[in-house]
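All remarks here apply to the structure that follows.
Read-outs throughout are calculated quantities, based only on the coordinates presented, and are distinct from any laboratory measurement. Just so it is clear, the model here is predicted, and its values are computed rather than measured. Using ideal geometry, Cβ is built from the backbone for each residue, glycine included, and neighbour counts are taken over all protein chains shown.
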């Protein structure tokens, strides 16, 4: 890299790897742990029906999808400033989703899909791919963010080519899972 290009991206390099792996393991561990917590006896939390939280999760996933799509458009237009802002917005809505998701799954019993036929197979395909990729997207998104913050442009682009479509898929399928299972809450 020439000096003038390097100077353009002169950023203090930070090693985010320990934090990324700690958070990735912690987040997946916390999610798995919520399934072993005692559940609400009356289906409410502070008098509010818990079934409102999956709708909130779908809304937050929708915003994440929109923010990611806008971030992608901004980077295609080479607007790094707006790209970063929309990526931060996607992380914020994802974090809020995480809190709402944990609250719901730590308090409510699991809801089973009640349909049958082709739609059932579609639902379980979407659900399974969503779950697997949601676990994978945690470290991918954090690594991509770390490389972006360090302005490691080549490395950032290389991993972002995988992270962006996977994160878009996870956020979109989160909404689809909600729409398909919502009649059974």
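Some values worked out for this structure:
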item	result
Protection proxy ranking, peptides 103-112, 32-41, average beta carbon neighbours within 10 Å, highest first	103-112, 32-41
Separation in nanometres of the label points that stand 7 Å from Cα toward Cβ, at residue 122 and residue 15	4.9
Helix 17-34 axis, angle to the chain major axis (alpha carbon atoms, nearest 10°)	10
Rg and Dmax of the stretch 143-185, Cα atoms only, in Å	15.3, 46
Relative contact order for the chain, counting Cα pairs under 8 Å that sit 6 or more residues apart, in percent	32
Mean Cβ count within 10 Å, highest first, over the residues of peptides 42-53, 59-70	59-70, 42-53
C-alpha long axis of helix 80-107 to longest principal axis of the chain, angle in °	30
Degrees between helix 153-181 axis and first principal axis of the chain (Cα, 0 to 90, nearest 10)	20
Percentage relative contact order, the stretch 27-110, counting C-alpha pairs under 8 Å, at least six apart	46
Paired Rg and Dmax values of the chain, which use every Cα atom, in angstrom	18.7, 64
Inter-label distance, nm, simple model (7 Å from Cα along the C-beta direction), residue 76/residue 113	3.1
